[in-house]
Amino acid sequence: MVNVHIHRFAADGAPDDPETVRFFHAQWTIYQKLVDANVLRHREIAQLIHEALNARFMGAFTFLDIACGDASLAKRALEGTRVARYHGVDLAMPAIEFAAANLDGVPYEVDLDYRDYAADLAERALRADAVWCGLSMHHLDTDAKLRVMREIRALIAPGGLFMLYEPTLADGETRADYMRRIRPYVLSEWVMLSGEELAQILEHIETCDLPETSESWISLGRSAGFSQGREVYAVPGGFFRVYRFLP
Ligand SMILES: C[S@@+](CC[C@H](N)C(=O)[O-])C[C@H]1O[C@@H](n2cnc3c(N)ncnc32)[C@H](O)[C@@H]1O
């Protein structure tokens with residue numbers, strides 16, 4: 001893996017915690033089935049990011065993947081772009097290992113940080129032209145989402161781009177209404193999951209997810225200092241949406 005460099009931050013107190021790793025494995029198998037069946041529209045979203053990158057960057061650019069998982073979506077999005085360096089951050093070591101294997105041999109430099117992205121962002125150790133965060137920020141409360149988005153805004157180079165993919169409430173909807181609405185959607189659409197897997201993913205959604213309305217995601221971006229923010233894609237059903245922010 002000559003192009004891939006893994007940075008471990010466990011020694012300075014980053015999460016190397018067995019619960020994180022256990023949770024990752026339990027959730028990842030389920031998530032992978034959803035990705036393989038394309039119910040979360042990873043293929044369309046990769047294409048959308050690909051087009052946004054090619055429209056915005058005429059020369060070499062750097063790409064930061066926050067909560068990168070196995071980096072498969074980013075790898076697809078980056079193919080055929082002018083990317084010079086990919087930087088992925090994830091707090092689960094298995095994700096970093098999957099990402100390293102996936103990105104082995106790609107024609108750009110790869111740095112992988114095994115770390116909580118909040119720590120990386122808070123230290124302002126990062127700099128990038130394009131930043132992507134897929135299905136991770138919704139575990140934070142609204143204030144923490146804003147803090148993270150401010151930090152992302154601060155690290156993006158002029159002329160850059162930030163894209164975000166997150167669960168989204170319908171206009172005027174409460175979290176409780178969303179949870180009532182998503183349960184029958186998941187049970188009828190995510191048919192590739194077993195009964196036990198459906199119960200696990202619903203429990204995860206109902207206990208961990210803190211979606212925002214589309215207006216709120218966009219307004220968080222504006223409050224964070226982005227001059228433009230808009231919704232650019234909604235997965236059928238509208239529960240998951242992609243946003244694009246420009247500095
Ligand atoms: C649902 S997966 C999404 C992976 C990938 N972004 C994608 O769109 O396919 C969520 C990922 O976020 C990572 N993650 C969650 N919280 C994190 C944090 N605070 N710092 C770094 N990674 C985090 C998890 O380990 C997992 O790999």
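The values are calculated or read from the model by the stated rules, or taken from the named source; none is laboratory data. What you see is a predicted model; the values in this text were computed from it and never measured. All Cβ positions, even for glycine, are placed from backbone atoms using ideal geometry, and neighbour counts span all protein chains on display. Accessible surface areas use protein heavy atoms only, side chains included; no ligands, DNA or RNA. Shrake-Rupley method; radii C 1.70, N 1.55, O 1.52, S 1.80 Å.
Values computed for the structure shown
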{"quantity": "Gained length - A234 relative to R56, 0.36 nm times residue gap less alpha-carbon distance", "calculated": "61.9 nm"}
{"quantity": "Burial order of peptide ranges 203-209, 236-242 (average beta-carbon count within 10 Å, highest first)", "calculated": "236-242, 203-209"}
{"quantity": "Residue of E212, E97, E196 that the Gaussian network model of the chain assigns the largest fluctuation, springs spanning Cα pairs under 10 Å", "calculated": "E196"}
{"quantity": "Cα-centred dipole magnitude for the range 106-221, charges only on beta-carbon of K, R (+1) and D, E (-1), debye, nearest 20", "calculated": "280 debye"}
{"quantity": "Net charge of neighbours whose Cβ lies under 12 Å from the Cβ of F57, counting Lys and Arg as +1 and Asp and Glu as -1", "calculated": "0"}
{"quantity": "Ellipsoid semi-axes in whole angstrom, largest first, where each is sqrt(5λ) of the Cα gyration tensor of the chain", "calculated": "26, 22, 18"}
{"quantity": "Apportionment of accessible area to carbon and sulfur, the range 31-164, percent (1.4 Å)", "calculated": "49 percent"}
{"quantity": "Gain on full stretching of the segment that runs from V21 to A122 - 0.36 nm per residue minus C-alpha separation", "calculated": "34.1 nm"}
{"quantity": "Net charge of neighbours whose Cβ lies under 15 Å from the Cβ of P211, counting Lys and Arg as +1 and Asp and Glu as -1", "calculated": "-4"}
{"quantity": "1.4 Å probe accessible area per residue over the chain, in Å²", "calculated": "44 Å²"}
{"quantity": "Spacing of the two label points (7 Å from each Cα toward its C-beta) at L146 and R43, in nm", "calculated": "4.0 nm"}
{"quantity": "FRET efficiency, R222 to E79 (Cβ-Cβ, R0 35 Å, nearest 0.05)", "calculated": "0.65"}
{"quantity": "By average C-beta atoms within 10 angstrom, highest first, the peptides 159-170, 74-85", "calculated": "159-170, 74-85"}
